[in-house]
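Report on the following structure.
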Amino acid sequence: MPPLLTIDEALALVLQRAQPLEAEVVLVAQAAGRVPADDVQALVDLPPFRSSAMDGFAVRVADTPGRLRVVARIPAGRPAERALAAGETMGIATGGSVPDGADAVVPIERVEDGGDEVAVSEGVSDQDNIRSIGSDIRVGDPLLSAGLVLGPAQIGALAAAGVAELRCARRPRVAILSTGTELRPPGTVLEPGQIYESNAPMLAAALESSGAEVTRLAAVADDPDAHRAALKQGLEADVLVSSGGVSVGPHDLVRRIAAELGVEEVFWGVAVKPGKPVAFGVRGRTLVFGLPGNPVSALVACELFVRPALRALQGVIAPGPAYAVGRLATPLRANSGRDELVRACVRIEAGETVLEPLSGQESHMIARAAGADALVLVRRGERDPVSGDRLPFLRLS
Ligand code: AMP
Ligand code: MG
């Protein structure tokens, strides 16, 4: 194995090759999780008219306090037919269009409503409970920047500002391939020597949640022809993610067959535990990740390299991985040669993020990882972290 790269060196090599895919038009209503390819501006003033912030009565400030004649009731969506004159008021709903002539709204709780007449006992201030035109945003003003993932708040903002569709990088097509003669699908009966195939569903879950359109190829045995056929098919995707068969054993065929098919290897081997034998290459614009077979190794390598690549392909400005910081609950051992990602569970104690490492940290122990919602990064060569140390961690979601 060549000298191991650091996590950061390997990530930089991946991101260099993960250029944004071409954009397509997406309906805002279907754009959650997508990434705008352009900056987006508001198409209207928001609010577009002077709107009432309360259920109440539109008044002229100069008429308060006082008794006012109710000349109309204004529901949301139907403006009054005329302006408000001296001595008059109009009932108005939240979101109703404040009539010309009115310069405040008195909340319903603060008037005596006598039907034809209301009494306002206190004076009110100019513009009370009136949302002015464009107080949220003005037409043409910047609403959202390119390269930020759209969440619920952004979708709401786009729709409110009149945006019905926008250009986003298309979703990366990802092919997932598991390799290993021993693998059987869950739901079947295991023969001696066999295990259930768990990497493909795990990786599909991770990558779909990062915006990928995933195709799962049928798992292949450790056989060159089977590898060739499956890798060839997988190379049609934007990203091919295989697991297994990238170590140094005689049955580890992925790198050799990928090379035969024209994949140019960019790196093989990262100073990380678990995940060391991870391989990365390219063929044309297709990114090719050879993840190790051990399920926890595959999970870690996916979080460190594949997920950021998917975000970069979608034009995300900061493709991550995004580390947060928490306090370690129990001591750990630092590895001398490799950065280590330790499965942990996160809890909040007295407002602080506490990281509880799980027992069972070996790379095959995917069942133990079921309790994990974080990967804690322990840098190599540092002193062994003790309880209370602040360490970076990645959220598993
Ligand atoms: P490999 O990287 O192919 O040497 O595999 C390392 C370990 O991971 C072996 O114990 C394999 O049986 C196991 N493994 C490989 N692929 C999978 C998979 N898709 N699901 C579950 N375990 C796997
Ligand atoms: Mg194998």
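The values are calculated or read from the model by the stated rules, or taken from the named source; none is laboratory data. What you see is a predicted model, and the numbers here were worked out from it, not measured in a lab. Methodologically, a virtual Cβ is constructed for each residue, glycine included, from the backbone with ideal geometry; neighbour enumeration extends over all protein chains shown. To get the accessible areas, we keep the full protein, side chains included, count just its heavy atoms, and leave off ligands, DNA and RNA. Shrake-Rupley method; radii C 1.70, N 1.55, O 1.52, S 1.80 Å.
Strands (runs of 3 or more DSSP E) wholly in the range 235-283 with at least 2 residues that are within 11 Å of ligand 1 (Cβ to nearest atom) and closer than 30 Å to Ser336 by Cα - which ones?
Of the strands (runs of 3 or more DSSP E) lying wholly inside the range 235-283, those with at least 2 residues that are within 11 Å of ligand 1 (Cβ to nearest atom) and closer than 30 Å to Ser336 by Cα span 239-243.
So which of Val149, Val118, Val124 is open to solvent by 50 Å² or more (accessible area, probe 1.4 Å), among the β-branched types (Val, Ile, Thr) and out of contact with any His (no Cβ under 6 Å at 6 or more places or on another chain)?
Residue meeting the stated conditions: Val149.
So which of Ala301, Ala309, Ala229 is outside any loop (DSSP other than H, G, I, E, B), of a type in the set (A, V, I, L, M) and within 16 Å of ligand 2 (Cβ to nearest atom)?
Sole residue among the options that is outside any loop (DSSP other than H, G, I, E, B), of a type in the set (A, V, I, L, M) and within 16 Å of ligand 2 (Cβ to nearest atom): Ala301.
Just name the residue that is farthest from Pro308 (Cα to Cα) out of those in the range 381-397 that are surrounded by fewer than 16 Cβ atoms within 10 Å (Cβ to Cβ) and acidic (Asp, Glu).
Asp384
Looking only at the range 357-385, which residues are under 19 Å from Ser397 (Cβ atoms) and of a type in the set (Gly, Ala, Ser)?
Ala369, Ala370, Gly371, Ala372, Ala374 - these are the residues of the range 357-385 that are under 19 Å from Ser397 (Cβ atoms) and of a type in the set (Gly, Ala, Ser).
Taking the range 199-226 as the search range and keeping residues that are surrounded by 18 or more Cβ atoms within 10 Å (Cβ to Cβ) and in a loop (DSSP other than H, G, I, E, B), which one is nearest to ligand 2 (Cβ to nearest atom)? Before the answer, list the steps.
Taking the range 199-226 as the starting set, the residues that turn out to be surrounded by 18 or more Cβ atoms within 10 Å (Cβ to Cβ) are 199-200, 202-203, 206-207, 210-212, 214, 217, 219-220, 222.
Of the ones still in play, those that are also in a loop (DSSP other than H, G, I, E, B) are 210-212, 217, 219, 222.
Numbers: Ser210: 25, Gly211: 29, Ala212: 24, Leu217: 16, Ala219: 10, Asp222: 6 Å.
So the residue we want is Asp222.
Looking at Arg184 and the list (1) away from ligand 2 (no atom under 16 Å from the Cβ); (2) of a type in the set (Lys, Arg); (3) free of Cβ contacts under 8 Å to residues at least 60 places away in the same chain, which single condition is not satisfied?
Tallying (1) away from ligand 2 (no atom under 16 Å from the Cβ); (2) of a type in the set (Lys, Arg); (3) free of Cβ contacts under 8 Å to residues at least 60 places away in the same chain, Arg184 fails exactly one: (1).
Residues being of a type outside the set (Phe, Trp, Tyr) and more than 23 Å from Leu287 (Cβ to Cβ): count how many of those fall in the range 150-196. Walk me through how you get there before you give the answer.
Narrowing the range 150-196 to residues of a type outside the set (Phe, Trp, Tyr): 150-195.
Remaining after also requiring more than 23 Å from Leu287 (Cβ to Cβ): 150-166, 181-195.
Within the range 150-196, residues that are of a type outside the set (Phe, Trp, Tyr) and more than 23 Å from Leu287 (Cβ to Cβ) number 32.
Yes/no per residue for (1) surrounded by 19 or more Cβ atoms within 10 Å (Cβ to Cβ); (2) away from ligand 1 (no atom under 12 Å from the Cβ); (3) of a type in the set (S, T, N, Q):
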residue: Leu143; (1), (2), (3): yes, yes, no
residue: Leu158; (1), (2), (3): yes, yes, no
residue: Ala175; (1), (2), (3): yes, yes, no
residue: Leu183; (1), (2), (3): yes, no, no
residue: Thr188; (1), (2), (3): no, yes, yes
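Of all the residues that make up the range 235-269, how many are within 18 Å of Arg307 (Cβ to Cβ) and away from ligand 2 (no atom under 13 Å from the Cβ)?
7
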